[in-house]
Amino acid sequence: MLTLKQSRRLTTWLVGLAAWSVALLLFFPIFWMLLTSFKTEIDAFATPPQFFFVPTLDNYLHIQERSGYFKYAWNSVTIAFGATGLGLLFAIPAAYSMAFFETRRTRGTLLWMLSTKMLPAVGVLVPIYLLAKSLGLLDTRLVLVLIYTLINMPIMVWMVYTYFKDIPREILEASRMDGAGTLQEIVRVLLPISKGGIASTVLLSLILCWNEAFWSLNLTSAKAAPLTALIASYSSPEGLFWAKLSAVSTLACAPILIFGWISQKQLVRGLSFGAVK
Amino acid sequence: MPPDTLPRFLVRQGGKDKNNNEFLLPRAAEQECEMNPAKALLAAASLTLGNLALAAQTVTIATVNNSDMIRMQRLSKTFEQQHPDIALNWVVLEENVLRQRLTTDIATQGGQFDVLTIGMYEASLWGSKGWLEPMKNLPADYDLDDVFPSVREGLSANGTLYALPFYAESSLTYYRTDLFEQAGLKMPEQPTWKQVAGFAAKLHKPAEEQYGICLRGKAGWGENMALITTLANAYGARWFDEKWQPEFTGPEWSQALNFYVDTMKQYGPPGASSNGFNENLALFNSGKCAMWVDASVAGSFVTDASQSKVADKVGFAFAPQQVTDKGAAWMYSWALAIPTSSKAQDAAKTFITWATSKDYAALVAKTDGVANVPPGTRASTYSAAYMQAAPFAKLTLEALKKADPANPTLKPVPYVGIQLVTIPEFQAIGTQVGKLFSAALTGQMPVEQVLAAAQQSTAREMKRAGYPK
C-alpha cells in the first residue's frame, strides 16, 4: 500500500513520463529530418531505417551550389514580417472596437470571420490568380503579404480580442479621465498591458506565414518565391531525393525554430494568458 | 534597376526602345526631370542605362528536379555567356505542382513562364488547344531530322510540332547478373512476362531480404498505370475499343491483372502497393530486387556507384512481352515548349533550340562525360563512345525505334499513346483505375471485382465526356 507521499511522487513521475513521451513523439519527425539530412540518398531510403551511419555534408553543399538559399530566406522573412505587421495594424483596432464597444452583432461578426477559414483555398485559386495578374502582382512579395494578412486576420483578431477582453474596463476609463484619446489609450495603455498576448499573436502569425505553401507555390515563380517553394523544388519524379529534401527542409525550418525557441517564454505566457483568469 | 523590376505603382508607360520593346518610365525620375536640369540629365543617363538593361530579355523556365534538368540549369551559364542579351530565371517545381501551375498560368494567360518542361501528354493536348507556340522555322543547324520520328510524332498534334525533346525514355528489364549466375539462370534479350515470373520464383528469398521482382504499385496515371498498361498491352489488351468503350472486363485485362497481382503477391517486396519509381530504385540499388521493370532513365542510376550498391552487377533486357511486343515498352519524353502567353518568345526559342541541340549534347559529353548526354532523342547521340559508356543505350535505342504511339496495341485503338491515352480525361480516369488496381494488390478487392469497377467508372466518365460512338 502506497503512502500519500509515495502516491503523489508516483503521479508526478507518471505525468512527467507522459509529458516526455508526447514531447518526444512530436519532436521525432524533426529529429528524423535532421538525421536524414546528413545521410547519403541510399542510406536515406534504407530499410530498416538507419540510426547509425557515416554522416555527410554533401546535401547541404549541393543546396548551396544549386539554389540561392538566402534569396528564398529573405523573401520568407519579408513576407512573414510584412503580413504580420500589416495584420496587426488592422487586428488591434478591430479587436479594440469589438472588446470595448461590443454591440449585438459583435459575436456574429467574430464567428463569421472565423468561418472564412473554412473555405478551401483551392476554391478561390483562379479568381485570386486573375486578380493578381490584372494588378500586375504575380510573383511579387506584395501579393503574398496581402493574401497572408487576409488569411491570418481572423485568428489575429480573435487572439487580440481575447486578450483585450481580460483587461478591466476601469483601466481604460481611468486613462480617459486623464485625458487620453483613442490612439493613446491603445498605444500607451492597452498594448503595454497585453504585450504578452500581442507577442504570441505575432509569433503565431509569423509561424503560419512561414509555413504556408499553397499560395506561395501558386502565386510566385522566380523573384518572390519563399522557402516553401524552395523545399518543393527538391522533390523529384525520377531520382532519389529524400536526403536533399531533408537538408533543404532543415535549412527552411531552422530560422523559425530558433526564433520560436528564443521566444518560447513569451509564446507560452501569451497563449495561457487568458486561461488562468 | 531595369524598369520592369520596379513595382507597378512606381512606374508608368514610357514608350518603345530601338528593338520595339516597350519600356516603363520611373515616375520618380520623371518628376525629378521637371524640377532640376542637373538631376534631369542624371535621370536621362540612368534611363538610357535602364534601356540597355531592358535589352537583356529575361526568360523564365519552369522545370522539374530531374538530374538531366538540373545539369541543364548548371550548364546554362554557357548559354548566358554566348547570349549576353538573354538572362535565364529558373523555377524548379515538383512534377504535379508544375503541371497545376502551368495549367493555371496557360489557361489564364498569366505569362509567368517563357519555357515549360512538359511531357508528351501535355505537348499534344496543349498544342492542339493553341496554348503552345508551334516549333517552326528552326535554324538549319538544329537538324530536326536527327530527332527520332517517334519522339517528334509524340510531341506533335495534327502534324505540327509543339515542343522540342530534351530527353526520351522507354522501359527496360533490369536484373542482377550475380544472382542469375549463382542460380544458373540466363535472361534472354527479349523475355516474356511468364519467363520473368519463373525467374522471380527462383530468386525470391524474403528471409534474406531479396525479392524476386520489383514493380510499380503506387496508384497514379503516371505511376502504376504506366507499368500495368504496358503489361496489359503485352497481353493483347487495350484501354478502349474503336468505339471508345473500355475493355476492362475482357479476358486480356483479366489475364494481365491476375498475372500482375499474383506475381507481386508471391515474389514482390512487402508494401509494394506504395512503391513507385523512386522506391523501387532505392530497393534495387540497395540490392533487394533480383529484377525490376521500369523506365530506361534508371539505367544511369543503377550503374552509378555513388548511389547503387550493385552498380557493377546489373544486366539489361527489353521490357517483357507476352502475346505481342506491341506496346510492351513505353515511350515518354520530357520536352521544352513555349506558351503563347510568353512575352519573350524569340529569346525562349533561342534557349530551347540550344538546350535540345547537338551542341548541348557535346557540351554535356565534354563537362560531365558522354554517358550523361540526355538520351533517347537524337540519332547522333548514339555514337560508339556513348554505346560503350552507357551499357543500356543499345536496348533503349531499339526500344524507342520500335515504339509507335499511334499503333500501340495488338488490336486497333482510337487513341494515341502507349502507356497512356492522350485525351484530357485520362489523368482523372487513369488515377481512378490506378487506385483500384492498387487496391487489388493490397488484397482489399478481388481482381475481377476491381476490373468490373474500373469498367464501370471509366465507362461513366467517357460517357459524360461524350466519347462513345
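Only a single criterion out of (1) under 29 Å from residue A:182 (Cα atoms); (2) touching a residue at least 40 places away in the same chain (Cβ under 8 Å); (3) not polar (S, T, N, Q) is not satisfied by residue A:141, namely (1). Against the test of being over 29 Å from residue A:115 (Cα atoms), among the hydrophobic types (A, V, I, L, M, F, W, C) and surrounded by 18 or more Cβ atoms within 10 Å (Cβ to Cβ), the options A:160, A:189 yield a single qualifying residue, A:189. Select from region A:34-44 the residues that are within 14 Å of chain B (Cβ to nearest Cβ) and in a helix (DSSP H, G or I) and write down the one among them that is surrounded by the fewest Cβ atoms within 10 Å (Cβ to Cβ). If we take residues in region A:34-44 being within 14 Å of chain B (Cβ to nearest Cβ) and in a helix (DSSP H, G or I), then A:42 is surrounded by the fewest Cβ atoms within 10 Å (Cβ to Cβ). Checked against the criterion of being of a type outside the set (Ser, Thr, Tyr) and modelled with pLDDT of 90 or more, the candidates A:213, A:222 yield just one match: A:213.
Out of B:431, B:442, B:422, B:396, one residue alone is outside the structural domain of residue B:321 (by the TED database) and either over 21 Å from residue B:220 (Cβ atoms) or of a type outside the set (Phe, Trp, Tyr) (or both). It is B:396.
Quick one: in region B:303-338, which of the residues that are aliphatic (A, V, I, L, M) and surrounded by 24 or more Cβ atoms within 10 Å (Cβ to Cβ) is nearest to the chain's Cα centre (by Cα)? By that ranking, first place goes to B:335. Looking at B:288, B:243, just one residue is in the same structural domain as residue B:454 (by the TED database) and more than 28 Å from residue B:310 (Cβ to Cβ), and that residue is B:243.
Cβ-Cβ distances below 7 Å connect the following pairs, each with a first residue in region A:7-33 that is assigned to a helix (DSSP H, G or I), a second residue that is β-branched (Val, Ile, Thr), and a separation of six or more residues or different chains: A:33/A:250. When region A:188-204 is limited to residues that are over 19 Å from the mean Cα position of the chain (by Cα) and closer than 14 Å to residue A:160 by Cα, the one that is nearest to the other protein chains (Cβ to nearest Cβ) turns out to be A:191.
Using the structure shown, decide if residue B:218 is touching a residue at least 24 places away in the same chain (Cβ under 8 Å), in the same structural domain as residue B:446 (by the TED database) and not in a helix (DSSP H, G or I). Taking the combined requirement at face value, the residue satisfies it. Filtering region B:73-114 to residues that are within 11 Å of chain A (Cβ to nearest Cβ) and among the acidic types (Asp, Glu) leaves B:94, B:95, B:105, B:114. The residues on offer are B:296, B:286, and the sole one that is closer than 18 Å to residue B:172 by Cβ and within 14 Å of another protein chain (Cβ to nearest Cβ) is B:296.
So for region A:136-155 (the condition being part of a loop (DSSP other than H, G, I, E, B) and either surrounded by fewer than 18 Cβ atoms within 10 Å (Cβ to Cβ) or more than 26 Å from the chain's Cα centre (by Cα) (or both)), does at least one residue qualify? Taking every residue of region A:136-155 in turn, at least one turns out to be part of a loop (DSSP other than H, G, I, E, B) and either surrounded by fewer than 18 Cβ atoms within 10 Å (Cβ to Cβ) or more than 26 Å from the chain's Cα centre (by Cα) (or both). Residues in region B:259-297 that are among the aromatic types (Phe, Trp, Tyr) and within 22 Å of residue B:431 (Cβ to Cβ) were compared, and the one that is surrounded by the fewest Cβ atoms within 10 Å (Cβ to Cβ) is B:277.
Entry remark, region B:229-252: residues being among the small types (Gly, Ala, Ser) and part of a strand (DSSP E or B) number 0 in total.
From the list B:362, B:393, B:348, B:344, the lone residue that is under 27 Å from residue B:172 (Cα atoms) and either touching a helix residue (DSSP H, G or I) at 6+ places or on another chain (Cβ under 9 Å) or touching a residue at least 24 places away in the same chain (Cβ under 8 Å) (or both) is B:393.
Have a look at B:392, B:426 and point out the one that is closer than 19 Å to residue B:248 by Cβ and touching a Leu at 6+ places or on another chain (Cβ under 7 Å).
B:426
Looking only at region B:308-338, residues that are more than 16 Å from residue B:174 (Cα to Cα) and within 13 Å of chain A (Cβ to nearest Cβ) come to 3 in all. Pairs meeting the criteria (first residue in region A:234-250 and within 8 Å of chain B (Cβ to nearest Cβ), second residue in a loop (DSSP other than H, G, I, E, B) and aliphatic (A, V, I, L, M), beta carbons under 8 Å, at least 6 apart or on different chains) are A:236/B:64; A:237/B:64; A:238/B:297.
I need a count of the residues in region A:205-229 that are in contact (Cβ under 8 Å) with a residue 60 or more places away in the chain and more than 14 Å from chain B (Cβ to nearest Cβ). Adding up the residues that qualify gives 6.
Condition first: under 30 Å from residue A:216 (Cβ atoms), within 14 Å of another protein chain (Cβ to nearest Cβ), modelled with pLDDT of 90 or more and touching a strand residue (DSSP E or B) at 6+ places or on another chain (Cβ under 6 Å). Can you find one or more residues in region B:148-170 that meet it? The answer is yes; a qualifying residue exists.
Filtering B:98, B:102, B:125 for residues that are modelled with pLDDT of 90 or more and not acidic (Asp, Glu) leaves a single hit, B:125.
When you scan region A:3-14, do you find a residue that is surrounded by 10 or more Cβ atoms within 10 Å (Cβ to Cβ) and either among the charged types (D, E, K, R) or within 14 Å of another protein chain (Cβ to nearest Cβ) (or both), even just one? The answer is yes; a qualifying residue exists. Is it the case, given these coordinates, that residue A:99 is outside any loop (DSSP other than H, G, I, E, B) and buried (at least 17 other Cβ atoms within 10 Å of the Cβ)? Judged against the criteria, residue A:99 is a match.
The values are calculated or read from the model by the stated rules, or taken from the named source; none is laboratory data. Keep in mind that what you see is a predicted model, and the values were worked out from it rather than measured. With ideal geometry, Cβ positions are generated from the backbone for all residues, glycine too; neighbour counts draw on all protein chains shown.
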